[in-house]
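Here the structure is laid out as structure tokens; the discussion comes afterwards.
The values are calculated or read from the model by the stated rules, or taken from the named source; none is laboratory data. Just so it is clear, the model here is predicted, and its values are computed rather than measured. In this analysis, Cβ positions are derived from the backbone assuming ideal geometry, glycine residues included, and neighbour counts consider all displayed protein chains. To get the accessible areas, we keep the full protein, side chains included, count just its heavy atoms, and leave off ligands, DNA and RNA. Shrake-Rupley method; radii C 1.70, N 1.55, O 1.52, S 1.80 Å.
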Amino acid sequence: MLTPDMSDTGWWIFAILSGLAMGAVIGALCQTWRKRLYALVLPPLGGLATALGRTLTQGDSAREASYLYTLAMLSGAITILIYLPWMRRQIALRQEGKAVAVQENANKYAWVFLGTLVPVIVGVAFLVH
């Protein structure tokens, strides 16, 4: 709804910014600068390669690829940002050597994460399309 008349160049700029946002959110979980740099570069490039590969193999438009890439990166970044405090706490507990009860509740955590991700995807799709 916010981008009905955005040009292809605008979509690619938006896609690059959303990829950098995803990398920055993932990098916030990393402990060293080297890992933060990898987190800033590798996930956006992997997603971009997937979107462009789909475009080339399926014959879709570049606009659709940039839209899907933007949707995936923004939704993932927002969802990770929601869970960032919890993830940091789990990392701190693990570093302190305290038992982390994530494995026994992994199924529950996966459903809660998925239950958050789906509304975020729908909301982002509504806003950017």
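In whole Hz, what ³J(HN,Hα) sequence does the range 71-76 give by Karplus (6.51, -1.76, 1.60; θ = phi - 60°), x for Gly and Pro?
With coefficients 6.51, -1.76 and 1.60, one gets 4, 5, 5, 5, 5, x Hz.
Can you give me the % of accessible surface on the range 66-129 that is carbon or sulfur? Probe 1.4 Å, all protein chains present, nothing else counted. Display every interim value, and only then the final one.
Working: 2820 of 4120 Å².
Heavy-atom surface of the range 66-129 belonging to carbon and sulfur, 1.4 Å probe: 69 percent.
At 7 Å along Cα-to-Cβ for each site, give me the label-to-label distance between W111 and T50 in nm.
The modelled label-to-label distance comes out at 2.5 nm.
Per DSSP helix of 4 or more residues, -39500 (n - 2.57); summed, then divided by the residues of the chain. What does that give at 222 nm, rounded to the nearest 500? Could you put the intermediate results ahead of the total?
Working: 4 runs with 104 residues, N = 129.
Value at 222 nm, helices only, nearest 500: -28500 deg cm²/dmol.
Mind listing P(r) for the chain? All alpha-carbon pairs, 10 Å bins, whole percents.
Calculated over all Cα pairs of the chain, the distribution is 12, 35, 33, 15, 5, 0 percent.
Please state the charge dipole magnitude for the chain, taken about the Cα centre, from unit charges on C-beta atoms (+1 on K and R, -1 on D and E), reported in debye and rounded to the nearest 20. Don't skip to the answer; put the middle values down first.
Details: 10 positive and 6 negative charges, 135 e Å.
In debye, rounded to 20, the chain gives about 640.
Once phi is turned into θ = phi - 60°, what whole-Hz ³J(HN,Hα) does the Karplus curve with 6.51, -1.76 and 1.60 give for every residue of the range 6-22, x standing for Gly and Pro?
6, 6, 4, 5, x, 5, 5, 5, 4, 5, 5, 5, 5, x, 5, 5, 4
Treating the angle as unsigned and between 0 and 90°, give the value, to the nearest 10°, between the Cα long axis of helix 33-58 and the longest Cα principal axis of the chain.
Taking Cα atoms only, the helix is inclined about 40 degrees.
For labels at D5 and R94 in the simple 7 Å Cα→Cβ model, what's the distance in nm?
If labels sit at D5 and R94, their model points lie 4.9 nm apart.
Residues of the chain: accessible area per residue at 1.4 Å, in Å²?
65
For the charge dipole of the chain, defined by +1 on Lys and Arg C-beta atoms and -1 on Asp and Glu C-beta atoms about the Cα centroid, which residue among T57, L68, Q31 has the Cα displaced farthest towards the positive pole?
Going by the charge dipole, the pick is Q31.
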